[in-house]
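Here the structure comes first, spelled out in structure tokens, and everything after it is commentary.
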Amino acid sequence: MSRHVTHLLRHRWQSAVASAIVLALTWHLLSPAAYGAHLGNRYLQLSSSTVGATTTYHLVIDLSTAGPLGSIDVKFCDSSPASPDPCQSPSGFNIKNAVLSGQTGQTGFSISPASTVNDLLLTRPTAPSTVGTVSYTFTGVTNPNAVGTYYVRILTYASTDASGAYSDYGGIAFAINRDLSISAEVPPYLIFCTGIAIPTLNCNSAVGDYINFGELSSARPSVGTSQILSSTNAKSGYNVTLSGTTLTSGNNAITPLISSDVSRPGTAQFGLNLRANASPTSGDEPNGPGSGTPLTGYDAANFFRFVPGDKIIASTKPDEMRRFTASYLVNVPKSQSPGVYVSTVTYICLGNF
């Protein structure tokens, strides 16, 4: 018998994941006024730091001064967080159309119509405030269109329009970056091989492709074995199909077992199964960490069958290495014509990707 050539199918695909790196720095203004106080801890969190992305900004600041609070002026600058340095809008940046989607601590604010593309003015009726943490979330902000570091100036006022003396002040630096793309490859694979013996769960160990039954006799069965090894990461597993012919010698043939049957010496029979058998003694149980199983007709000990086109092994999910032992049975009647009988059996494995 000849074993089917080992199949190893590989395809390739690529999948990509992206991550954005955000750098947030705090900055104290260099020229504090005598009547204002530094803001405490503060940071700006971006849901995406990608160039030109429409994203969400989450601003958190610690108020340092208790007293009346009516407006918070948040300016985005391209070169400095310090006043009175000029504050030019970062190229491509736009916060004018942002929506105030959340606020905690000091609440009741809305975005003033006086806001511009880089100057966001939060306003409310003047009300007392206390020292503590406040936060504001803005959706629909458009990031600058160039990679770089940009700055935020934050000033709080008792007035509702950012006029008069400010109460607290502070600055923040933030970075806009390109996405960092990471690609990884997990190629689909199907490992399959046959041999007279496969001692380890590795196709490199497969040896042999010929079974010699010796002299056939009507008084006793003749048996032989070969092995099959398979594994795949196909989503729906794999199938192994039987192909080939029964034993023939010229125009003479040994009748294949179309229906599963036990060994009957003196009757023409050719078949196989994939289990450990006691009558006659041959074969082994499937083994290895995989979960593939013999299918109906080839899964019962001591019962044999041979129908080309039958699916004989299947796994319904990605499967690790699984080794099967095929046991071949031959019986002949006294009337069987003499000759050298030969068969070629082929196993075909298909991954269900």
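Assorted remarks:
- Sole residue being surrounded by fewer than 18 Cβ atoms within 10 Å (Cβ to Cβ), at pLDDT 95 or above and not basic (Lys, Arg), chosen from 57, 43: 43
- Of the candidates 101, 48, the single residue that is touching a Ser or Thr at 6+ places or on another chain (Cβ under 7 Å) and either assigned to a strand (DSSP E or B) or outside the structural domain of residue 172 (by TED's automatic domain parsing) (or both) is 101.
- Taken over the range 226-260, the criterion of being surrounded by fewer than 14 Cβ atoms within 10 Å (Cβ to Cβ) and either not in a loop (DSSP other than H, G, I, E, B) or not assigned by TED's automatic domain parsing to the domain that holds residue 324 (or both) is satisfied by 243, 252.
- The criterion of being out of contact with any helix residue (DSSP H, G or I) (no Cβ under 8 Å at 6 or more places or on another chain), surrounded by 15 or more Cβ atoms within 10 Å (Cβ to Cβ) and modelled with pLDDT of 95 or more does not hold for residue 340.
- Residues in the range 185-224 that are free of Cβ contacts under 8 Å to residues at least 40 places away in the same chain, assigned to a strand (DSSP E or B) and out of contact with any Ser or Thr (no Cβ under 9 Å at 6 or more places or on another chain): 207 alone.
- In the set (1) surrounded by fewer than 16 Cβ atoms within 10 Å (Cβ to Cβ); (2) among the polar types (S, T, N, Q); (3) in contact with a Phe, Trp or Tyr (Cβ under 9 Å, 6 or more places away or on another chain), the condition left unmet by residue 110 is number (3).
- Residues that are within 30 Å of residue 230 (Cβ to Cβ) and of a type in the set (A, V, I, L, M), drawn from the range 159-191: 184, 186, 190, 191
- Leading residue by the ranking (farthest from residue 71 (Cα to Cα)) among those in the range 125-184 that are of a type in the set (D, E, K, R) and in a strand (DSSP E or B): 153
- From the list 284, 261, the lone residue that is over 43 Å from the mean Cα position of the chain (by Cα), modelled with pLDDT of 95 or more and of a type in the set (D, E, K, R) is 261.
- Residue match in the range 208-224 (condition: within 45 Å of the chain's Cα centre (by Cα), over 16 Å from residue 328 (Cβ atoms), at pLDDT 95 or above and of a type in the set (Gly, Ala, Ser)): no
The values are calculated or read from the model by the stated rules, or taken from the named source; none is laboratory data. All values reported here derive from a predicted model rather than from experimental measurement. In this analysis, Cβ positions are derived from the backbone assuming ideal geometry, glycine residues included, and neighbour counts consider all displayed protein chains.
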